[in-house]
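Heads up, the thing below is written out as structure tokens.
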Amino acid sequence: MLNRIVKCLCVLFCFALISVPAFAGQPTKSWKAWVSDLRKEAILEGIRPQLFDYVFRNMQPNPRLIRLDRNQPEKRLTFYKYRSTRCDAYRIAIGKKEFHRYHSVLKEIGQSYGVSPFVITALWGMESSYGRYPGGFSTVRALATLAYDGRRSAFFRRELLHALHMLNEGHVKLKDLKGEWAGATGQPQFLPSSWHRYAVDYNLDGKKDIWTTEVDVFASIANYLKQHGWEANQPWGFEVVVPQHFNKQLLGLNQHMPLHHWLAQGIRIKGRHPLPNRYLQASLIHPYGGPYFLVFNNFKVLMKWNHSTFYAATVGYLADALQYS
């Protein structure tokens, strides 16, 4: 008898799992009613009704995106493993070719914004493999799906309205407005709000085109970095070797000391990088499973792009590989 009860409970439990709706955030309205309300809000913001109706014709939310949002992997990679998967020899080799191809305009934009053209190229390479893989999800459908879901609806609804303004102002065609599953779009993978704040019409054709116009892509990346405090002609950081009995309590981005102080502690910079002003403030970090780095203000700017020491150090590594190897 007990076995039969256990079996029944197991069946009911499995049925409950199968029956869980894709939209576990429990939207309070039907999709049709939600789109109708969004339409009113969009029109009040100046979106043309014809455009809205064209964009949302036959659209339905994508349950796959909800599963992706709910089940993001939590596996912790070491820094070296992360860097090897995001920045292998192939990506560096392609980056050198692309840098040579766009050398003149990258140098021009770099000088105009006070940002290293190698860092611009590295971010371009990290985000979309130099424009080769910008993502295949419809940005509008992705944002609409995540906005309809209850988990972070307000955030994604605002991003969705920014995306509709992109289309309404003619900066991009609907067929080109694609990206990754959470709504970042274009070759630099900007969220629509970042596009709104930082995208640049560098070739002055009336479009801030981060999807198909490389000069706009480069200038938009440079503008983002400049607006977040990038310091011209300063490094992002250096890989270093620390003494055996170094005081580990000095580790962390919240610890700031002049470069000469760190060098006096016995820290040795690897490679032959030109040294900046010895009074430049630096922090010492040690990403999990990786080397030690002395990092400067520009490293923290890279972390405003992506709040990850792994990511920022890998962008710096790629930029250095393009510049020095």
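The values are calculated or read from the model by the stated rules, or taken from the named source; none is laboratory data. Everything quoted here is computed from the prediction, not taken from an experiment. Glycine also receives a Cβ, built like all others from the backbone with ideal geometry; neighbour counts cover every protein chain displayed.
Within the set of pairs 6 or more residues apart or between chains, which connect a residue that is under 16 Å from Pro291 (Cα atoms) inside region 246-270 to a residue that is in a strand (DSSP E or B) and not aliphatic (A, V, I, L, M) with Cβ atoms less than 8 Å apart?
Gly252/Ser283; Leu253/Ser283; Ile267/Tyr292; Ile269/Phe238; Ile269/Glu239; Lys270/Phe238; Lys270/Glu239
Can you find, within region 301-310, the residue that is nearest to Phe79 (Cα to Cα) among those that are out of contact with any Pro (no Cβ under 8 Å at 6 or more places or on another chain) and touching a residue at least 60 places away in the same chain (Cβ under 8 Å)?
Leu302
Please find, within region 137-171, the residue that is farthest from Ile94 (Cα to Cα) out of those that are outside any helix (DSSP H, G or I) and either hydroxyl-bearing (Ser, Thr, Tyr) or modelled with pLDDT of 95 or more (or both).
Only one residue tops the list, namely Glu169.
Show the residue pairs that are 6+ apart or on different chains and have beta-carbon atoms under 6 Å apart, the first residue being within region 102-129 and on the phi > 0 side of the Ramachandran plot, the second being crowded, with 22+ Cβ neighbours inside 10 Å and in a helix (DSSP H, G or I).
none
Against the condition within 20 Å of the chain's Cα centre (by Cα), within 30 Å of Lys32 (Cβ to Cβ) and in a helix (DSSP H, G or I), how does Leu123 come out, does it pass?
Answer is no for this residue.
Just one of Gln249, Gln323 is more than 20 Å from the chain's Cα centre (by Cα), surrounded by 14 or more Cβ atoms within 10 Å (Cβ to Cβ) and part of a helix (DSSP H, G or I); which is it?
Just one listed residue meets the conditions, Gln323.
Among the residues of region 212-223, which ones are surrounded by fewer than 24 Cβ atoms within 10 Å (Cβ to Cβ) and either under 22 Å from Tyr133 (Cβ atoms) or among the aromatic types (Phe, Trp, Tyr) (or both)?
Across region 212-223, the qualifying residues are Thr212, Thr213, Glu214, Val215.
Scan region 137-156 and give yes if some residue there is surrounded by fewer than 24 Cβ atoms within 10 Å (Cβ to Cβ) and in contact with a strand residue (DSSP E or B) (Cβ under 7 Å, 6 or more places away or on another chain), otherwise no.
yes
Can you pull out every residue in region 93-122 that is in contact with an Asp or Glu (Cβ under 9 Å, 6 or more places away or on another chain), more than 17 Å from Gln234 (Cα to Cα) and hydroxyl-bearing (Ser, Thr, Tyr)?
Hit for region 93-122 is Tyr102, nothing else.
Yes/no per residue for (1) modelled with pLDDT under 95; (2) in contact with a Ser or Thr (Cβ under 9 Å, 6 or more places away or on another chain); (3) within 16 Å of Val315 (Cβ to Cβ); (4) not assigned by TED's automatic domain parsing to the domain that holds Arg278:
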{"residue": "Ala222", "(1), (2), (3), (4)": "no, yes, yes, yes"}
{"residue": "His228", "(1), (2), (3), (4)": "no, no, yes, yes"}
{"residue": "Ala232", "(1), (2), (3), (4)": "no, yes, no, yes"}
{"residue": "Val242", "(1), (2), (3), (4)": "no, no, no, no"}
{"residue": "Phe246", "(1), (2), (3), (4)": "yes, no, no, no"}
{"residue": "Gly252", "(1), (2), (3), (4)": "no, yes, no, no"}
{"residue": "Leu259", "(1), (2), (3), (4)": "no, no, no, no"}
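Looking only at residues that are in a loop (DSSP other than H, G, I, E, B) and over 16 Å from Ala319 (Cβ atoms) in region 73-98, which one is modelled with the highest pLDDT?
Filtering first and then ranking leaves Thr78.
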